[in-house]
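Some notes on the structure that comes next.
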Amino acid sequence: MMNKPVASEKTKDYLLIAVVQSQDAENAEDALCKEEFSVTRFPSVGAFLGRKNATLMIGLPKTKRKKAIELLRSICRERVEYIAVPLESAPLPMPNPTPITIGGATIFGMNIEHFEEV
C-alpha cells in the first residue's frame, strides 16, 4: 500500500478562477503576486452588460485558498451603475436610468489532480 505524498506549501493542488471587473484586475493581480500566488490573467467580457472583465486563474496550495479569497474580497468591490431602460408607457422612447449593482468577484474553486511545469 502506497502513502499519498504530503502536500507542501509549494504544491499547487487547488485552482481558483476569479472573474473580476477590469478596474480591479491589475490591483488584484499585483496583490496576489505579492503573496506569491501563481496568477494568469485573461481578458473576458460579461454577457449581460457586455463590460470588460478579467479572468484570473490562481494556482495555490489548498491551505492558502482562504487568504487568496480574502485578498480578492478586499480589492474587488461592488459598484452601482445606471443602465437606460425604456419606459413602457411613454409615448416616445424615453430611457429611464435604472441602478444596477456590478462588480465584486465571482470565484470558482477546484482541486487539481495533476500539475506539471515543463
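Residues considered: Glu78, Glu88. Of these, the only one that is at pLDDT below 95 and closer than 30 Å to Arg41 by Cα is Glu78.
Annotation for segment 77-84: no member residue is closer than 30 Å to His114 by Cα, among the small types (Gly, Ala, Ser) and free of Cβ contacts under 8 Å to residues at least 60 places away in the same chain.
For segment 35-52, check the following and say yes or no: at least one residue is within 12 Å of Leu15 (Cα to Cα) and hydroxyl-bearing (Ser, Thr, Tyr). Scanning segment 35-52 turns up at least one residue that is within 12 Å of Leu15 (Cα to Cα) and hydroxyl-bearing (Ser, Thr, Tyr).
The values are calculated or read from the model by the stated rules, or taken from the named source; none is laboratory data. Nothing here was measured: the structure is a model prediction, and the numbers come from that model. Cβ: placed from backbone, ideal geometry, glycine included. Neighbour counts: every protein chain shown.
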